[in-house]
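Worksheet: one structure, shown below.
Values quoted throughout were computed directly from the atomic coordinates according to the rules given, and no laboratory measurement underlies them. Because the structure is predicted, anything quoted here is derived from the model rather than measured. Cβ sites come from the backbone with ideal geometry, for glycine too, and all protein chains shown count toward neighbours.
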Amino acid sequence: MWRNSVGFSSKLLTSKSSYSRLPLLNHGVASRSTSTSAGSGPESTEAAGTVKVGFSSTEWVRTGSPGSSAVDLSSFAAASVLKGRDIVDMAKHYGRCYAELSKARLRMLANKLHNIVPPCTFAASFSSNYTVISMLVVATSGTGYILGSGSAIDYMGLCCTCAGTMMVAASASTLNQVFEVKNDAKMNRTKKRPLPSGRISIPHAVTWAASTGMLGTALLASKANMLAAGFGASNLVLYAFVYTPLKQIHPINTWVGAIVGAIPPLLGWAAASGQVSLNGMLLPAALYFWQIPHFMALAYLCRKDYADGGFRMYSLADASGQRTASVALRNCLYLLPLGYLAYDWGLTSGWFCLESTLLALAISGTAISFYMNRTTKDARRMFHASLLYLPVFMSGLLVHRVTESEQQMTVEHTGKIIEMSPLLETTEEAQEEKRKQSIGNGQCRPPVAYASVAPFPFLPAPSYSTF
Ligand SMILES: CC(C)=CCC/C(C)=C/CC/C(C)=C/COP(=O)(O)OP(=O)(O)O
């Protein structure tokens with residue numbers, strides 16, 4: 001076994017095992033041993049008869065011993081093989097680091113379950129890197145984009161928006177870890193991240209953050225619009241430079257973090273429609289309210305860990321957990337009217353109203369149970385429910401989405417009915433004006449409401465606030 005920049009004779013190359021190299025995974029900073037220089041990239045050098053393959057930081061370990069079946073390769077061939085393999089290994093190593101810095105990977109949940117000390121175990125398994133959330137960030141932005149699209153979805157625009165959001169979010173997450181490297185090193189939940197474990201250097205991580213941040217913003221600006229790019233860039237600043245320091249200063253950080261989490265769907269909506277309208281606020285509102293019980297459960301389950309890390313979470317100053325639970329419950333209840341609003345604003349059909357209300361009742365039920373008992377088990381159940389809530393809510397929104405053309409068709413259909421009604425206004429201009437208004441301000445009535453007058457054209461059409 002050899003480590004960084006240790007000389008390696010080409011004659012000792014074997015056909016099998018000598019190339020088995022492993023990144024220095026799961027080693028704390030203290031366990032790193034043979035740092036030879038401060039840089040961070042790989043370096044391959046050749047000397048007469050000897051091939052040196054070095055990685056100038058302490059990020060690599062080579063395993064495997066020279067076997068008896070050594071083959072005599074020329075130093076040039078050996079160097080080539082080594083270089084090729086080094087490049088592959090290096091790509092794997094840094095790819096893994098970048099993914100973890102970006103909080104982009106779905107972690108091996110089972111693994112995490114074993115690594116973290118209870119009672120944080122469960123929460124850490126899902127949220128050690130908020131990896132579930134990281135995937136959801138892109139999903140929420142994509143959902144916002146689809147909801148903000150008219151009848152036809154521009155799939156290329158959707159992909160670019162998701163990619164841009166992902167890059168900016170990766171940058172924000174990396175900066176968050178750069179700023180919290182010392183705190184993360186003290187927490188079970190986070191100590192194995194690339195920076196505290198020494199798998200990547202801070203300058204390297206900053207370079208990654210700068211590149212992804214700039215590329216992502218440029219992508220949003222060029223392929224979506226400046227509004228979306230503005231949301232992306234300002235959210236990055238809010239997350240990395242406001243929320244992150246606030247975590248160590250004041251418990252209000254959770255609410256600021258909830259705003260950060262609520263922006264991506266707004267970004268998606270803005271990318272698709274070029275504007276922000278009331279309808280576009282529905283998913284961000286859901287994200288905002290949803291995050292409070294989610295993070296309250298996490299902060300409750302991991303309160304010792306958070307205290308060790310020096311973070312001032314709301315749950316730390318609440319030994320009984322009562323206030324934590326009541327805040328979580330309150331925000332679950334705020335989720336209740338969202339389904340109705342989606343229906344009332346013409347975003348979805350009535351089915352979504354029903355589904356969303358049931359979902360909100362379910363998560364509220366877990367919050368009530370946590371409020372009454374305040375046990376780890378109840379907090380965990382609420383956390384579970386929060387993990388289920390968002391994907392189901394977003395899927396429902398997409399499945400029951402009412403497109404603009406469907407709205408238009410319904411409005412036109414209703415217009416004909418209205419024309420037949422002697423009790424209604426008669427001028428076409430007046431009706432047209434009202435239709436435009438209702439669509440323009442996103443207050444269009446859902447199809448079901450319009451359709452309900454269809455069998456009874458002789459009755460006056462129901463009057464709504466927008467008319
Ligand atoms: C477009 C764009 C910039 C999107 C950013 C979206 C984003 C990163 C949302 C995460 C929201 C949030 C409060 C996460 C917790 O971070 P934490 O610091 O508490 O997590 P940690 O303790 O695991 O580090």
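Rank Leu338, Leu298, Asn279 by how far each Cα sits towards the positive end of the charge dipole of the stretch 279-404 (+1 on Lys, Arg Cβ; -1 on Asp, Glu Cβ) and give me just the farthest.
So the residue we want is Leu298.
Put a dot 7 Å past each Cα toward the Cβ at Ser222 and Thr207; how far apart are the dots in nm?
It is 2.2 nm.
How would you rank 326-332, 200-206, 232-238, highest first, on the average number of other Cβ atoms within 10 Å across their residues?
326-332, 232-238, 200-206
Wrap a convex hull around the Cα atoms of the stretch 279-404, take a quarter of its surface area, and give that in square nanometres.
Approximately 7.4 nm², given one-decimal rounding.
Go through Lys186/Lys377; Lys192/Lys377; Lys103/Lys192 and tell me which ones have a Cα-Cα distance over 20 Å in this structure.
Among Lys186/Lys377; Lys192/Lys377; Lys103/Lys192, the Cα-Cα distance tops 20 Å for Lys186/Lys377; Lys192/Lys377.
Once the Cβ-Cβ distance between Arg330 and Val256 is put in as r, and R0 is 22 Å, what FRET efficiency do you end up with, to the nearest 0.05?
0.80
Which peptide among 254-267, 150-163 comes first, and what is the full order, when sorted by highest mean count of other Cβ atoms within 10 Å? Each step should come with its number before you reach the end.
On the way: 254-267: 23.3, 150-163: 15.5.
Descending mean neighbour count gives 254-267, 150-163.
Which three semi-axes in whole Å describe the equivalent ellipsoid of the stretch 164-271, each the square root of 5 times a Cα gyration tensor eigenvalue, listed largest first? Walk me through the numbers on the way to the answer.
Details: eigenvalues 127, 61, 16 Å².
Calculated on Cα positions only, the semi-axes equal 25, 17, 9 Å.
Between rounded, prolate and oblate, where does the stretch 139-203 land on the alpha carbon gyration tensor, with a ≥ b ≥ c its root eigenvalues, rounded for a/c under 1.5, else prolate if a/b exceeds b/c?
In terms of gyration-tensor shape, prolate.
Scaled to the compact-protein estimate 2.2 N^0.38 Å, what is the alpha-carbon radius of gyration of the stretch 361-409, rounded to two decimal places? Display every interim value, and only then the final one.
Working: Rg = 16.2 Å, N = 49, 2.2 N^0.38 = 9.7 Å.
Dividing the Cα radius of gyration by 2.2 N^0.38 Å gives 1.68.
So if each residue of separation counts as 0.36 nm, and I subtract the Cα-Cα distance between Phe179 and Met372, what length gain in nm does that give?
65.8 nm
Using a simple spin-label model with points 7 Å from Cα along the Cα→Cβ vector, what separation in nm is obtained for Ser151 and Tyr340?
Modelled inter-label distance: 3.2 nm.
Would you mind calculating the gained length between Ile87 and Gln322 on full extension (0.36 nm times residue separation, minus the Cα-Cα distance), in nm to one decimal? Before the final figure, lay out the partial values.
Details: separation 235, 0.36 × 235 = 84.60 nm, distance 5.35 nm.
Gain on stretching Ile87 to Gln322: 79.2 nm.
By how many nm would the segment from Arg312 to Glu404 grow when fully extended, if each residue of separation counts as 0.36 nm and the alpha-carbon distance is taken off?
28.6 nm
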